[in-house]
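Everything below concerns the one structure shown next.
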Amino acid sequence: MHCCQATIISVFLAWLLPTSAFADNSLTLDPTYFKPADVITRDVAIIGGGSSGIYSAISLKDKGKSIIVVEKKGRIGGHTETYIDSTTGTPIDIGVQTWQNISLVRNYFARLNIPVIKFGSDADPNSPAQLSANYDLRSGKEVNVTAPSAQQVYTAFAAYAEQLKKYPRLNDGMFLPNPVPEDLYMPFGDFVKKYKIEDALVTMFNYNPGLGDVLTVPTVEQMRAFGQNLVEQLSTGFLTTRHHNNSELYTNAEKELLSSSSLLLNSEVIQAERNDGNAKSESGRIKLLVRTPNGTKLIRAKKLLITIPPRLDFLAPFSLSQKEKTVFGKLIDAGYYTSIVKNTGIPDNLSITNMLQSSPYNLPVLPGVYSIGTTQVKGLHIAFYGTPRSSKTFPLSDEDVKADIIASIKRLQRANPDKFNQTEPEFVVYSSHAPFYLQARPEDTKDGFYRELYALQGGRNTYWTGAGFRSQDSSNVWRFSEDVVLPELVKGL
Ligand SMILES: Cc1cc2nc3c(=O)[nH]c(=O)nc-3n(C[C@H](O)[C@H](O)[C@H](O)COP(=O)(O)OP(=O)(O)OC[C@H]3O[C@@H](n4cnc5c(N)ncnc54)[C@H](O)[C@@H]3O)c2cc1C
């Protein structure tokens, strides 16, 4: 904008003010343009009401800090989604399934009054045996896989755990040695051969869908997804909610945050001012213009915590610095999608894994279906779909993903009329989790990308957490928020 244009607009606004004070606050972060009720003053503003945003909100609240969470959807919980079957009332978790069995997780669930159990500990022994089979969903043909024995998988994980021990700080975040060792940015497929951990590969792939093409992903990204603590959980077991409704955590958190005026739903930041300097002074104050269902509000906060995926398009309203743009501009991601499908023609107790007869480790080609699993409800299966890594925020359109899921099921039916009913599959629910698994390219990892990313913490009174900064694992994200980010954030509040 030319300076004279800006002057004309501010003169025009000043002229409007006496007669229509508070009427037009769409262009300004100046509190005098707002009714007092539309100015929200807090210690910390949190952007994103998903896993990391809500954990941080509750933690900061318990530390005696005032907060406001801005969530763009009409619900909190992010990737935690639960479908309630309309006929039986049975909940089916279609997003987050389990958490690590560690004290921080147990304490958080106790804090929000949600009982947890060991995952699988209440399985009904009378329910029909769960079966699984491997099919190539591009042709529909069955794939014969020679799986490694339990002992071979165990030995491979032990060899992998030995390698993880070389990088103990990776268990806390993306704290890579400097210079970055070649082992960490080499393709994971090469690392697997180098350290003879082939027999663990398929287990890792199945535990962490959404990471992209596992054989070419830099090794450190696999270690980020499958770190020391996750290897330990394989033997100790994971936690889930007793009622098998993981969204309950967020129902309780939402009640608490709404009743303390600490949450804005269906709301988005449209403009921001973020300055360095003393967070307690007016000049250091974070100012956010937020569009809410009840009109535009101005948030004034000492510190800002951003938890949404740090893609440049999502962060556009936050007046990014050149440095922030350069760092975040390097991120790539993968697409990850879930859905519940009826009329699949697949027996209720059968799970299908997509595999390829001729590929290394029988891994499927992406984009494609990962698996079509069983659910607690008769007639419903859950399908997981993923894409390789790409620089696009949304690697595939939802229409393309849905069409490919249906086409895969139809190919399965047509190639095996003796095993699967010839029915017309239909989506009961579909959910896109793209952009998923934000990560760096190998060359950027080698050049110190994660050092640069973490160096952004605290700049312009802004802090960052969430999967983009840690990993796609709620327990890890909570521990990172609690141990690494929040201690620095609360200083000087
Ligand atoms: C299908 C699936 C299964 C998973 N299973 C597990 C599991 O079993 N165990 C596990 O530990 N982890 C699991 N994960 C990973 C886990 O969900 C993530 O690690 C965790 O959700 C990351 O938290 P987050 O806060 O970064 O992101 P999210 O939880 O996605 O939260 C981000 C929030 O920000 C909001 N938002 C986005 N843009 C804006 C904006 N501009 N303004 C305001 N709000 C915005 C979103 O609506 C969302 O609520 C799974 C993920 C998926 C997709």
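Worth pointing out:
- Taking the Cα atoms of region 216-354, the ratio Rg/Rh between the radius of gyration and the Kirkwood radius comes to 1.06.
- Normalised contact order of the chain, rounded percent, pairs of Cα under 8 Å and 6 or more residues apart: 22
- Coordinate range of the alpha-carbon atoms in region 317-413 per principal axis, descending: 55, 33, 22 Å.
- Solvent-accessible surface (1.4 angstrom probe) belonging to Phe34, in square angstrom, nearest 10: 10
- Cα-centre dipole for the chain with unit charges at Cβ (Lys and Arg positive, Asp and Glu negative), debye to 20: 1000
- Distance from the C-alpha centroid of region 119-191 to that of region 298-374: 19 Å, rounded to the whole angstrom.
- Placing unit charges on the Cβ atoms of the charged side chains and taking the dipole of region 387-454 about its Cα centre, the candidate lying farthest along the positive direction among Ser431, Asn416, Pro388 is Asn416.
- Selection from Asn266, Ser474, His243 lying farthest towards where the dipole of the chain points positive, charges on Cβ: Asn266
- Pairs from Lys165/Lys194; Lys65/Lys491; Lys303/Lys392; Lys61/Lys303 whose Cα-Cα separation, in the structure shown, is over 19 Å: Lys303/Lys392
- Around the Cα centre of region 193-252, unit charges on the Cβ atoms of Lys, Arg, Asp and Glu (plus for the first two, minus for the last two) sum to a dipole of about 120 debye.
- Scattering curve values for region 189-249, log₁₀ I(q)/I(0), Debye with Cα scatterers, q = 0.30 Å⁻¹: -1.35
- Base-10 log of normalised Debye intensity for region 340-493 (one unit scatterer per alpha-carbon) at q = 0.11, 0.14 Å⁻¹: -0.62, -0.85
- Within the accessible area of region 310-398 (1.4 Å probe), percent carbon and sulfur: 57
- Straight-line cross-link reach from Lys419 at under 12 Å between alpha-carbon atoms covers these aspartates and glutamates, not counting any fewer than eight positions away in the same chain: Glu142.
- Most to least packed among 46-53, 125-132, 384-391 [average Cβ atoms within 10 Å]: 46-53, 384-391, 125-132
- Centre separation in Å (Cα based) which lies between region 205-275 and region 41-113: 9
- Taking each of Lys73/Lys330; Lys141/Lys196; Lys302/Lys402; Lys255/Lys297 in turn, the alpha-carbon distance tops 32 angstrom for Lys302/Lys402.
- Each principal axis of the Cα atoms in the chain has its own extent, and those three values, largest first, are 79, 55, 46 angstrom.
- When the inverse distances between all different Cα atoms of region 367-442 are averaged and flipped, the Kirkwood radius reads 14.1 angstrom.
- Summarised in one figure, the compactness ratio Rg/Rh of region 29-128, Cα atoms and Kirkwood Rh, is 1.11.
- Dipole axis of region 192-240 (+1 Lys, Arg; -1 Asp, Glu on Cβ), positive-most option in Asn208, Val220, Tyr195: Tyr195
- Computed across region 114-234, the Kirkwood hydrodynamic radius from all distinct Cα-Cα pairs reaches 16.5 Å.
- Simple point charges give the picture: +1 on the Cβ of Lys and Arg, -1 on the Cβ of Asp and Glu, and for region 365-442 a dipole about the Cα centre of about 260 debye.
- With all projection directions averaged, the alpha carbon convex hull of region 425-493 covers 7.4 nm².
The values are calculated or read from the model by the stated rules, or taken from the named source; none is laboratory data. Being a predicted model, the structure only gives us computed values, none of them experimental. Every residue, glycine as well, gets a Cβ built from its backbone with ideal geometry; the counts of neighbours run over all protein chains shown. Only protein heavy atoms, including side chains, enter the accessible area calculation; ligands, DNA and RNA are left aside. Shrake-Rupley method; radii C 1.70, N 1.55, O 1.52, S 1.80 Å.
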